[in-house]
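The values are calculated or read from the model by the stated rules, or taken from the named source; none is laboratory data. No experiment lies behind these values; they were computed from the predicted model shown. Don't worry about glycine lacking a Cβ; one is built from the backbone with ideal geometry, like all the others, and counts go over all protein chains shown. Side chains included, ligands, DNA and RNA excluded: accessible areas come from the protein's heavy atoms. Shrake-Rupley method; radii C 1.70, N 1.55, O 1.52, S 1.80 Å.
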Amino acid sequence: MFVALDDTDSLESMCTTYLATELIKALGVYDLIGLPRLVRLNPAVPWKTRGNGALCLRLGIGRGEPTMVGELDDMPVYSYGRTAEEADPEFVLTVAEDVISRLARTEEGASPGLVISAEKPAQRFYWQAVRGIVEKTDVLQELQRLGADLVGWEGGRGLIGATAAMAWRPRDRTYEIITYRARERWGTPREIDPLSVRAMDLERPSTFNSFDHGTGRMAIAPHTPCPVLFGVRGDDPRELMAAAFSIRSEPPARWLMFLSNQGTDDHLIKGAPGSPDRSYVFLGTVATVPRTIAGGHVLFQVTTSHGPLECAAYEPTKGFRDVVRGLRPGDRLRLFGELRAEPRTLNLEKLQVIATAPERRKVANPRCPVCGGATKSMGAAGGHRCKRCGARTSDPPVTAEVPRTVAPGWYEPPVCARRHLSKPLKRMGL
Ligand code: ATP
């Protein structure tokens, strides 16, 4: 039996993954089949609160060897590879509805959705929700076809994300261990030793996005007063456990391992940007010299197969902007980013410089073609005139090639400025 939920939290409090731990506790008569899934959806959806994450669990009576995948207030959580017996949908619905009604932040704008189904929705609901915009009516039709149970609160927009999370069949996957704070600490400053995070990042190569060595800042803890203590992401579930347990911090009250689409680039549409509120990977040629505007954002234009497009590396991308500032007209790029509607600008997430164009700078006026003397400029359209014999010339000035500051290669923003779904270069083997 699949149970999926979304849109339960607000910026002020709660977290959909914490609500999943509450659900697992409340439905403790059943086992987890596989890992709980934390599925990130279109990061450009205008109405998301934060990271546009939705949750899906599979529950039943497990079969085979159990694996410990979490601990909730001293209660170990086991996951099984197979199902011996399905969970009772009516019971699951009653318990889940009660947990969400109690904990979801509907009074702070959440619009929760809960879906319970023995069968997964069609895969396209995941791909559409991670790459585009999905209508609730389409989702409701699919849930009806499946004979799924569903509950929506305050408009139930969360039904879209819940359905998409349930529809995910991983093509690429990563893992995240999330730890949660004891209730009495919620809203207080988090106690985490950044040096232990740095050491973990250096010693555990299959983890990613944990520590920003450029700024010396850790990136594992949220900045909101939510119940999360920290989250560590990685490619290898075993090493991830060792990594998470090596972090020195206040004692977590809970931890749970999730399977996730984070760091997979699943959100990217291949081809030159068309509709806004979506993310794309495409080829382009730099058309203008990058300029820095107020706020430290860097803008430049590229030519794509769909015409010219403004691209931006925003201030939070820090040192990545130096790469962008070094681009010059004619450079061939592979660009990754989200297209905003207003102003219509591509927010760069990653960049491959495929080839750089030669950059030349004027070093002298042309020599006189008659006597070989020095010339002086006659203004914008006037060419040059010889200082010695007065002959005019339309020869171009003498130029020399300037060494470029940017070399062909791959570039990405620092850890603190990355999207949940963006595939780090580290995961691309680069
Ligand atoms: P989280 O805090 O858990 O990381 P979030 O708070 O940013 O996520 P949600 O509260 O889950 O975001 O709100 C996102 C809302 O947008 C949900 O109601 C979800 O159903 C809806 N949604 C997500 N993706 C799409 C999409 N592609 N098309 C339409 N609606 C979507």
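Here are a few things to note about the model shown:
- Under 14 Å of direct C-alpha separation, and excluding same-chain neighbours fewer than eight residues apart, residue 376 reaches these aspartates and glutamates: 395.
- For segment 72-83, the Karplus equation 6.51 cos²θ - 1.76 cosθ + 1.60, evaluated at θ = phi - 60°, returns couplings of 10, 6, 6, 9, x, 10, 10, 10, 10, x, 9, 9 Hz by residue, with Gly and Pro reported as x.
- Once the 1.4 Å probe is applied to the protein heavy atoms, segment 359-402 comes out at 69 Å² accessible per residue.
- Exceedance of the 22 Å cut-off in Cα-Cα distance is limited, within the set 318/426; 25/136; 350/426; 120/350; 270/318, to 25/136; 120/350; 270/318.
- Carbon plus sulfur fraction of accessible area for the chain, probe 1.4 Å, in percent: 50
- Cα-Cα P(r), the chain, percent of pairs per 20 Å interval: 23, 48, 19, 8, 3, 0
- Taking Lys and Arg as +1 and Asp and Glu as -1, the other residues whose beta-carbon sits under 12 Å from that of residue 158 total 0.
- Close amide H contacts of residue 87 (hydrogens built in the peptide plane, cut-off under 5 Å, sequence separation of 5 or more or a different chain): 61.
- Distance between segment 138-153 and segment 196-234 - C-alpha centres, whole angstrom: 37
- Exposure here means at most 11 other Cβ atoms within 10 Å; with trypsin sites (Lys or Arg not before Pro) in a DSSP loop as sites, the longest stretch of the chain lacking them is 172-343.
- Summed over the residues of segment 1-147 and divided among them, the accessible surface reaches 42 Å² per residue at a probe radius of 1.4 Å.
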